[in-house]
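I have placed the structure first, in the form of structure tokens, so that the comments after it can refer back to it.
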Amino acid sequence: MSAFIIYQVLVLLIFNMYAVNSHPKRIGEESYVLYSRDDWGAKPPTDVEPLKTPVPYVVIHHTYIPEACNTTEQCMATMRSMQNYHNSLDWGDIGYNFCVGSEGGAYEGRGWHTIGIHAGPANSFSIGICLIGDWRVEQPPEEMLKTTKALIKTGVVNGVISPDYKLKGHSQIMSTECPGTALQNIISKWDHFSEGTKFNKPQI
Ligand SMILES: *[C@@H]1O[C@H](CO)[C@@H](O)[C@H](O)[C@H]1NC(C)=O
Ligand SMILES: [Zn+2]
């Protein structure tokens, strides 16, 4: 009897962990937790332009400020503060399509189907992923990099990112230090990295 009750409690606990806090996505060997806008308490967006998919580019960012977040609670607070800041700039929502925390969580920004505000001329042709923190000198944690790669893969599998997409850092499109030298050096070794600083508006 008591073993049965313990079992029931465990099942409930595990169910609640997943049902309340997270939406785990599993692709092959890689898995990460994706926190939705509702999970982090996003305000409703006022700028909602549909993104034409599949997009030919993925653009990587850091935040510089806010600093790295290390727990889900911290990262959710960071998402809310970035949305407030971007709203104050009249962007009508957080600029990025997705963000990733140092703990390896992925956080939905504008998501897969809405044009972001993150890379000027590339906004309408890309998914913008921001790795929360200042990655000029410090190396982003492995968990964060793994999730970023898995997130890109999700986009490809779901037909949102073109299978022959080009991967670029923000500074390859606009004059900025973003995503920081340390992070730029890392992504320059990833599949699909595209050299060069010229952004040609794709014909789609
Ligand atoms: C997260 O960890 C980094 C590295 O230890 C630290 O610099 C940063 O201040 C931490 N972030 C917060 C919000 O505590
Ligand atoms: Zn950037």
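Some notes on this structure:
- Subset tally (residues that are touching a Gly at 6+ places or on another chain (Cβ under 8 Å) and either basic (Lys, Arg) or within 13 Å of ligand 2 (Cβ to nearest atom) (or both)) for the stretch 99-121: 7
- Test result for Ile129, within 13 Å of ligand 2 (Cβ to nearest atom) and within 13 Å of the chain's Cα centre (by Cα): yes
- When the stretch 99-125 is limited to residues that are touching a helix residue (DSSP H, G or I) at 6+ places or on another chain (Cβ under 6 Å) and not aliphatic (A, V, I, L, M), the one that is nearest to Asn200 (Cα to Cα) turns out to be Gly116.
So that you can scan it fast, the table gives a plain yes or no per residue for (1) touching a helix residue (DSSP H, G or I) at 6+ places or on another chain (Cβ under 7 Å); (2) farther than 19 Å from Met79 by Cα:
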{"position": "Ile127", "(1), (2)": "yes, no"}
{"position": "Ile132", "(1), (2)": "yes, no"}
{"position": "Arg136", "(1), (2)": "yes, yes"}
{"position": "Glu142", "(1), (2)": "no, yes"}
{"position": "Lys149", "(1), (2)": "no, yes"}
{"position": "Lys189", "(1), (2)": "no, yes"}
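- The listed residue being among the acidic types (Asp, Glu) and closer than 20 Å to Asp134 by Cα, out of Glu49, Glu73: Glu73
Let's see how each residue does on (1) within 16 Å of ligand 2 (Cβ to nearest atom); (2) under 22 Å from Met82 (Cβ atoms):
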site	(1), (2)
Gly133	yes, yes
Thr154	no, yes
Val157	no, no
Gly169	yes, yes
Ile173	yes, yes
Pro179	yes, yes
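- Any hit, the stretch 147-162, residues being buried (at least 19 other Cβ atoms within 10 Å of the Cβ), closer than 16 Å to Val33 by Cβ and within 14 Å of ligand 1 (Cβ to nearest atom): no
- When the residues of the stretch 91-110 are filtered to those that are of a type in the set (Phe, Trp, Tyr) and surrounded by 24 or more Cβ atoms within 10 Å (Cβ to Cβ), the one that is nearest to ligand 1 (Cβ to nearest atom) is Tyr107.
- Of the numbered criteria (1) away from ligand 1 (no atom under 16 Å from the Cβ); (2) within 16 Å of Tyr64 (Cα to Cα); (3) surrounded by fewer than 19 Cβ atoms within 10 Å (Cβ to Cβ); (4) in contact (Cβ under 8 Å) with a residue 40 or more places away in the chain, the one Gly169 fails is (3).
- Any strands (runs of 3 or more DSSP E) falling wholly within the stretch 78-167 and containing at least 1 residues that are within 14 Å of Val58 (Cβ to Cβ) and of a type in the set (S, T, N, Q): 126-131
Values quoted throughout were computed directly from the atomic coordinates according to the rules given, and no laboratory measurement underlies them. Here the structure is a predicted model, which means the values were calculated and not measured. For neighbour counting, all protein chains shown are included, and Cβ atoms are generated from backbone atoms with ideal geometry for every residue, glycine included.
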